[in-house]
Structures are given as structure tokens and as C-alpha cells.
Amino acid sequence: MAAEKLRDLSQPIDVALLDATVAAFYGTGSKEERAAADHILRDLQNNPEMWLQVVHILSNTQSLNTKFFALQVLEGVIKYRWNALPAEQRDGMKNYISEVIVKLSSDEICFRRERLYVNKLNIILVQILKHEWPARWRSFIPDLVAAAKTSETICENCMAILKLLSEEVFDFSRGEMTQQKIKELKQSLNSEFQLIHELCLYVLSASQRAELIRATLATLHAFLSWIPLGYIFESPLLETLLKFFPVPAYRNLTLQCLTEIAALSFGDFYNMQYVKMYTIFMVQLQAIVPPTTNFVEAYANGNSEEQAFIQNLALFFTSFFKSHIRVLESSQENINALLMGLEYLINISYVDDTEVFKVCLDYWNSLVLELFEAHHNLENPAATANMMGLQMPVLPGMVDRLGSQIMQRRQLYAGPMSKLRLLMICRMAKPEEVLIVEDENGNIVRETMKDNDVLVQYKIMRETLIYLAHLDHEDTEKQMLKKLSKQLSGEDWTWNNLNTLCWAIGSISGSMVEEQENRFLVMVIRDLLNLCEITKGKDNKAVIASNIMYVVGQYPRFLRAHWKFLKTVVNKLFEFMHETHPGVQDMACDTFLKIVQKCKRKFVIVQVSHMIQAESDPLKRDEYLQRLMELPNQKWAEIIGQARQSVDFLKDQDVIRAVLNILQISLIFLDMLNIYRMYSELISTSIAQGGPYASRTSIVKLLRSVKRETLKLIETFLDKAEDQPHIGKQFVPPMMDPVLGDYARNLPDARESEVLSLFATIINKYKATMIEDVPRIFEAVFQCTLEMITKNFEDYPEHRLKFFSLLRAIATHCFPALIHLSSEQLKLVMDSIIWAFRHTERNIAETGLNLLLEMLKNFQASEFCNQFYRTYFLTIEQEIFAVLTDTFHKPGFKLHVLVLQHLFSLVESGGLTEPLWDVATVSYPYPNNGMFVREYTIKLLSSSFPNMTTTEVTQFVNGLFESRADLSSFKDHIRDFLIQSKEFSAQDNKDLYAEEAAAQRERERQRMLSIPGLIAPNEIQDEMVDS
């Protein structure tokens, strides 16, 4: 194929041939032609010399695809090898790209025609800037501004470059550049902003070109979030923007700029300017869209520009109010403008668009929370003063003043808050418990898939409504009952209206005092039951039924206090369980289960396991249990008698099912183990006779479920047993052969993973008393399970996780047993741990890493410390660096860091008294282990990352040793290295910050627990709520 000639890069590439190859790749030719072209282009892209041909290609091709291919090659070099290139090559490329951009953008026609190409060149230039500027290209901003003044099209493109630069430094830098580099670029942009500011103002005051003005506004939008405030408020910039706002062509861009300004907040210095800006804005806004506008219709019928305007308007109001609402509370005139703004925002909140609603909801949540916290903290003067931004100490008179200020503020917002309650009731999102939805054909069906966005929205709306309820319970109740009466009268009856109302009623459970809740609920449930009686139609009844079930399921406290009502509700649930509608049936069962769990004592006469457990008198409990077990015990005695005469009796499918049912509630221990053994033999025989597929037959699956249920029952029993040591001694030894021996003897396909979790539970429960049994457990399960799970990463997924959980239990509670393993066995353990954390399945990798940490700490404290680390230190370090840098194991980042911190701290602590290197093979005598590990790590990383200089790697390794005592800076140092090594560039790096996110979630949970109703009564894990 002629294209093979392209591989020879010793002379200038044949551009015509390259054009043809690129065209073949993008063209409509045969599959083979495309594959061959793809193969050649990939090889060229991977050839380190290819980038030297880029200038030659760009100068000689007319094909946009070929230009993009060449720029892709160049982008790779800039990202990964730029700093390693000689200075003259870097300067040559930098100047060439700049010249091409200027040339293409100096002519209007050419600039419009080549727009895509110029955009790509701009991106390349900014990528170069991230390396060169400011240190090696100090004059960049002055040069750019000077070029911009030579022609309007060049100016338009300069704006595009500045916007890209701002976005790269301020928006996309995390995970792309090191902390130091980001800081340096931000300082450079700040110090040179005056030139950019003057250029923008000059364009906005002098230019008549719409494209240039739009480009300038877009650039300003990117810069406004970080420039010093003086450039906004002490220059004509804000006035200029407000002049552009009424002009339809620039309205959206200007509004975005004003939103950025509104979001800024640096003390009170510019408060008056903010008030002035808001007042002028509101006057202009009323001329554009009057306050009486129906935003729901305007949005539904508007074009994309008009829809964007409504969304931007929501963003402007929410940003302004978040930062400056208190400034507007200062005088009556400002208060009127503020209330009008809130009115606009409430009206926009009804718009049927998820994104618009999210913006509004986010703000309403924060405003209501702020009002609620002030109200909530009135009992605590110090907290109140803090809320108001005052310094302590608080004098008695001040408390009253603060209290009256808070009451005045609540009074001020009472009107908007009442409207907001109605909004929340009308737009309440669907909770998780509701299983009935309306499909696209308008039919009521069972939900097949959970919509996570809706669940998140429900959580925020529920929280907001609870704060609103706390602020004024009377108004909340009044609005809900009024809306419910309209459902009954038929005036407002639709499925959606009833749904949102009932979801709102259910969502505020726990927020009222008990007396008020009782009164309110009696009215609600009475009205809903009436509605169910008077409404005709199967779908209508299904909707009402789902709402009744949702509401009653949310109020366990009320049901516990009212036995008659509870009885009525349960009878209604039984009625719903007989409905043919699948969603109604499922929901009735779920609701019944939830009520049973939360109202256990009320049901104590009814014999169901949840309820028996609730009986506090042990004699009565035993009696209930005996009555419950009478039938299964008779059946069990019958089956055992028959099985003793003939084992074949156990093969009968009905018998297997009977055994399965009994096992779920039985405590007949030794017989159970016998049955377990017999079934196990039946399974092994079936698999041995029937070959590999026998394990998938229904009879074998059924037999295995008996074994699994037995193991689960024993595990639950031992886990929940109260008389621990006695039970351990009594029950564990008899299990050794029937369960463990059976596991070892069985074929891999017949081994139950529950055996592994059972023994993990036993060791976690009985801890060190199990040390003597560990060798036996080890012998039975270790080697044979490893053979099953290390062939690949897919087979036996259940066994994998449970195996490592068992190992971790042994390492945590029975560590002395591991020390006595032979060196071959210990090597097996360590190899299996390494294998676990190499696994891409997150749970297995994390279990492996946690297990490794346990082992490292335990061995450090043992007398075998030197021996263990001499054997495994370097292997562990190498393996951890491998998973840390390969991008497949990012969720394990926190644990990788902890392992490395442990290794480097240990080596520097002097805890290892023997050399880690092999004295026989390493001739150089290192002064200590620290120096040896430094050198080893530098060699290891230099060979793994050839794109990094030795200096960079050495700097990183030295930094690891220096920051080892402070986990936070140690972690940051490793994050920076991953970004610098380019392994983690341009990918989703949120897993590197997962630990910080988890700590934030726990703080939030503690806050929610302190506010009545914020965590629904159903979600609180109560020991015995209905005492």
C-alpha cells in the first residue's frame, strides 16, 4: 500500500499521501481501507519524531481533517514532552503557532471560513502557555493586547484566547496542574489584568461590531469571578454592562456577567454599589418582562434564547440574594425591590424545566435554612450572635434585641415563605417508597427503575419543607388541608396534584409536636379514605391507594399511639394486597412490613418473627416461639425419621422445599449439620456423575440453597447470640468437619461461599479464642479457594470478597496464628493480598488494602518485624505504586496513601534494625535503610515514567520522606505527582478527593439528627421506639 511510505520520517512527509490516508480513514470506503488507514495514522501518532513534521504538514495541506490530525500529534508532545524539548524547538513551534493564528484572524473572510481550525490553534497556544508563561514568555499579555488593537477580527480572536486561558487556570486546573503552577498562573493573570480590562472597556465603548462585543462579553464573563473588585466598581465597567442589558442581542451575555458580579462577596465595602446595581437592574427588568408575566407559559412557548434568559434570570437572582440579601433589607425602598425579586423567583420556580428548578430550589433551601437556624438558635444567644456576625460576649439586653431582629426578619419574609410552601407542595418530587408512576401513555403502572435525580430532588425539597414547617406550622397545615379539600370537592383533582400533596404531607413527618401531628393526620387520612370511597376508576383508585399507603407509612409515631386507626390502616393494606394492580400489591406489602417493624409491640398477639422479638417477657417470648415452631418441629421430626431409613427420601423436591422452609426458622443444630452433610454428598455425587453442567441444574441449585440457608442460619444465630463464649465452645467444634471438611473435599463448583463468611463472623465474634482453630480453617479453605479465584478476575465473585474478609478477620483478631505459618504459607497469604488489591472490583481491592494495613502494623509490633519487611517491603512498595499510578484503581487512593505513609515512616523511624537490601548482591554499603529506599524509589519511578526528569522524580521522593508525618500534605504531594506524571490528566479525579467528601457527609448527618423531622422517623434506627 502506497501509504506505507508515510512511515519513513527521515525526509519531509508526503502531504498529498497523508491527505489521502486521512480521507480514507474518515471516508466511506471499505472496512479494510479504513482499518489500514487507522493502523498507519496510529503508528504515526505514536512515533516520537512525527511532531517535527507538523509545521510542514500545516503549511502544505488544505484538508481540515489532516490539520486536526497534525495538531493532535502536537498536543500530545505539548502535554507529555514539552519541557524535555530543546529551547530552540520550543520557541520555533511557539512562534509558528502564533504567526498562523495572527495570519488567519487578520482577514475577516478567512477568519470566518477557518473558524474551526483557528479555535483548535487557540487551544494549542493555551496548552503551550501553561508551560511557557510567565517564566519563559513574559511579554505574552502585552503582545496579545497590542495585536488586538491592530484589527477587529484579531481582537475578537484575542478575546477567545483570553477566555480559554482564564478557564484553563481557574476552572479546569484541578487535576491538570500542580498546586504551585496554578498559583503562579493566577498571580500572573491578576498582575497583568489591567491591560485586559482597558482593552475590554475600549471595545465595549468604541466598537459597533456585534461579534466582537459578544466575544468581549463572553471573555469578561470568564474573568469576572476572580478579578480584583476595584476593576468592576471603580471603573465604568458596571455602568457599561447595565447599558447593554436592555439590548436584546446582548441580553443573555450581559445577564451572565451581572450574575458573576452578583455572586462576588468581599465584606461590606461595595454594599452601596450593589444596592444601586440591583435597583437599576429591577427597573430595566420590569420593562423587559413585567412581574405579572406567566413564566410557565413564557418558557414553554419561548425560543432557546428566551428560555436561556429565564434560566439566567433565576441564576442572577439566586446569586445576588445568596451574597447580598441583607443589604436589601436596610430600607423600605430596597425591601420593596427585594420582595419583587423574590416574587419573580417564585414565579420562575414553577417553570417546567429540571435545570431551572434545581437553580431555584438550591437557593430556596439555603434561604429557608438560614431563617430556620436563626429561629432555632433563639434559645442559644451565643449561636444567634454568631449567626448575625457579632462578636461575643453577649449581654442580657442584646439577647432581646437580637430576638426582636430575628422576629422582624421572619415577619419580613412571612409572605414569600407562605408562597414558597405552596410551591413546595405543588412541585414535591416522588419519594423512593412510591412504586406507582404514570407512563408516557397516561396509564398508571408499577415503576421499573429508580430515577436518582428525582430522589436527590425529593431529599432537598423535603428538607426545605421541614424548615418551612418549623418556621410556621399553622400555615403549613392550613395550606395542605386547603389543597386536600379541593381534591375532595373535585375542583383541583388530578393525579399529579394529589401525588405531590401527599408526598409533601408524608415528607414533614416528625417535624410537628405529637398533639398537632395527631390532629392533622386524623383529618388527612379521613379525607383520603373518603376520596378512595367516592372516586371511581381502577387507575384513580390505584393512585389514591398508593398515596394513603405512603402517608401512613411515614407516620409510625401516630399509628403507635392509635390502635384503632392502626387496625383500620392494616385492614386497608390487606385489601390493597388483594388488588390486581402489581404496583399497589408490592407497595401494600412494603408498607405493611415497615409498619410492623416500627409498631412491633402493637402486633405482639400476631405471630410473626419481627413481633415475637418485641416481647420483653422472656417466658412469654419462649411460649410464642414454641407455638410458632410447633408445626415445623413436627415436620422436621418426620423428615429426619424418614431420612434415617433412606437418604433418597431427601432427594424429593417437595421434601427439599419443606427442609428449606424449616431451616429458616429452626434451631435443631446437630441434626441440621447431618442434613447439611447428606445434602453435600448428594450434590457432589450429582456433579461428579453429571459433569460440569450438573451444577446448573434445578435440582442441584435447590440442594445448594438448603446448604446456603443452613449456613446463613448458623451465622445469624452465632452473630446474635448473647451468651457468647459458652455458645462458641458449644457450637463451633461440631461444625469443623461437616462444614469446613466438606468445603475442602468438595468440587470447586459445589463449594459454598457462605462457609467463608460464616467463619469470618465466628472469628470477628469470638476473636482470640479462635487462635487454636485458625490452622484448621486455613488448611481447609485457603489453598483450595485461592486456586478457584486466582485463575482470572471474574469466576466465583462471591468467594472472592468473602475470602478476603475471612483473611482480614484472622489478621485482626488471630494475628499470632499467622506468625506461626510456614514461610511458604505466609508467602501465599501475601501473594493473595497483592492479588486482591490489584483487583479492579472496588470492594475486593479495598478489603485487600485494609488487610495489608493490618498485616503491616501487626508485623511491625512483632518480633519478626525485620524478617517480614526484609522479605516483603520492596515488593509491597512496588505493587502499591503500580496500582496508585495505573488509573484503574483510583477509588483505593486513600488506602494506597496510608500504606505508603506507613512504609516511609517505618523506614525513617529506625524500627528496622537490619538492612532491607541483600548484602550478598548489593556491593554499596548504604548508611541506613532510609537512603536505600530513597534510591530504590527514584530508580523505580524513573524507569516507570520516562517522561519525567530525574530531578522531578527525586524532588517527589524527597517530598514523600519530608511530608510523611502529616497525612494531609503527604496526600497532596502524591496527588500533585499523579498529575505531573500525566497519568491522571484530563480524567475524572474525584476519587482522589473521596476521603474529604466522606468526612463532610458525616458532619452533615450529625447536623440533620439535631433537627426534628429532617431524618424521617422511618430512617432512624431505633432499638424499641414504641415502648
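A few remarks follow.
- If you take the alpha carbon atoms of the chain and fit the smallest convex hull around them, that volume is 263 Å³ per residue.
- Under 23 Å from the Cα of Lys802 - lysines, other chains or at least 8 residues apart: Lys701, Lys707, Lys712, Lys720, Lys765, Lys767, Lys791, Lys827, Lys857, Lys890, Lys894
- Inter-site label distance for Lys939 and Arg745 at 7 Å from Cα along Cβ, in nm: 5.2
- Computed P(r) (all Cα pairs; the stretch 14-68; 10 Å bins; percent): 25, 55, 19, 1
- Leu195-Glu491 FRET efficiency (beta carbon distance; Förster radius 56 Å; 0.05 resolution): 0.30
- Proximal charge balance of Asp831 [Cβ under 12 Å; K/R count +1, D/E count -1]: 0
- Share of carbon and sulfur in the accessible heavy-atom surface of the chain [1.4 Å probe, %]: 53
- Gained length - Glu99 relative to Arg136, 0.36 nm times residue gap less alpha-carbon distance: 11.5 nm
- Value of [θ]222 nm, deg cm²/dmol, for the chain, DSSP H segments ≥ 4, -39500 (n - 2.57) each, nearest 500: -23000 deg cm²/dmol
- Virtual spin-label span in nm between Ala218 and Ser331, 7 Å along Cα→Cβ: 4.0
- Check: the stretch 151-211 dipole with +1 on Lys, Arg Cβ and -1 on Asp, Glu Cβ, in debye: 220
- Sites Asn540 and Glu432, calculated FRET efficiency, Cβ-Cβ separation with R0 22 Å, nearest 0.05: 0.40
- Segment Asp43-His820, length gained on full extension (0.36 nm per residue, minus Cα span): 274.3 nm
- In this simple spin-label approximation, Lys564 and Glu1004 carry label points 7 Å from Cα along the Cα→Cβ vector, and these lie 4.4 nm apart.
- Maximal additional length on extending the Glu779-Ser59 stretch stands at 252.0 nm, based on 0.36 nm per residue less the C-alpha distance.
- For the stretch 813-948, the Cα gyration tensor yields ellipsoid semi-axes of 23, 22, 13 Å (square root of five times each eigenvalue, largest first, whole Å).
- Think of a 1.4 Å ball rolled over the protein heavy atoms: the chain then has 47 Å² of accessible area per residue.
- The calculated FRET efficiency for the pair Ala206 and Asn83, based on their C-beta separation and a Förster distance of 60 Å, comes to about 0.90.
The values are calculated or read from the model by the stated rules, or taken from the named source; none is laboratory data. Bear in mind the structure is a predicted one, so any value in this text is a computation, not a measurement. Methodologically, a virtual Cβ is constructed for each residue, glycine included, from the backbone with ideal geometry; neighbour enumeration extends over all protein chains shown. Side chains included, ligands, DNA and RNA excluded: accessible areas come from the protein's heavy atoms. Shrake-Rupley method; radii C 1.70, N 1.55, O 1.52, S 1.80 Å.
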